[in-house]
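FYI, it's all coordinate maths here, none of it is from the lab. Everything numeric in this text was worked out from a predicted model, so none of it was measured. Here the Cβ positions follow ideal geometry from the backbone for every residue, glycine too, while neighbour counts run over all protein chains shown.
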């Protein structure tokens, strides 16, 4: 099997699983609203953001195909959402117009992106790109939800399903580039019957190694 034959199905499967994680966002929003109510005060933003981030972080850890460590990812997402939502909502005076929510998303993503970038595994390539992309992706999430006709004037803690699908699909592509699935980084196995370096077949000399002469016995010297 070729390398492309291994990596393509693995990428598609892991991306689809990550994208399906958008379902955690509406659940997280309901949980945040149930605990903190509308995001119209600093306390509501802090508490609602923390609960929402806790649920989103747990959902993302589950659908990450074991690429993310939940012990680091979930607390980082909860803290980033809490502080980020406070910063964003307070900056726009808790207003919910399209431009206001796009700015809320950008500021939330700014704090959340840094928190999650720190929580990414050590083997992540250029983790700062995740931090730089989150403000844009979070702003797109709020924009998609607002344009989709969702009642954003209810002052939710996070964007709805339209925004969640948009965010999850795009962030899944980025996560694959920064943190590929292990199956995409392992070399493909050699075809059957092909000798691997260092595993020469019995009776076959390695390249560049002379085969020792057979020891002479008395019978070889007989006339």
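Side notes on the structure shown:
- The range 3-180, relative contact order in percent, only Cα pairs under 8 angstrom and at least six apart counted: 26 percent
- Gain upon complete extension [residue 41, residue 177; 0.36 nm per residue less C-alpha separation]: 45.2 nm
- Computed over the range 3-180, the Cα gyration tensor eigenvalues convert (square root of 5λ each) into semi-axes of 27, 16, 14 Å, ordered from largest to smallest.
- Cβ crowding within 10 Å ranks 176, 125 as 125, 176, fewest other Cβ atoms first.
- Potential lengthening between residue 126 and residue 13 on full extension [0.36 nm per residue; Cα-Cα distance subtracted]: 38.4 nm
- Ascending count of other beta-carbon atoms within 10 Å, so fewest first, for 69, 100, 153: 153, 69, 100
- Fewest-first sequence of 127, 66, 38 by Cβ atoms within 10 Å of each Cβ: 66, 38, 127
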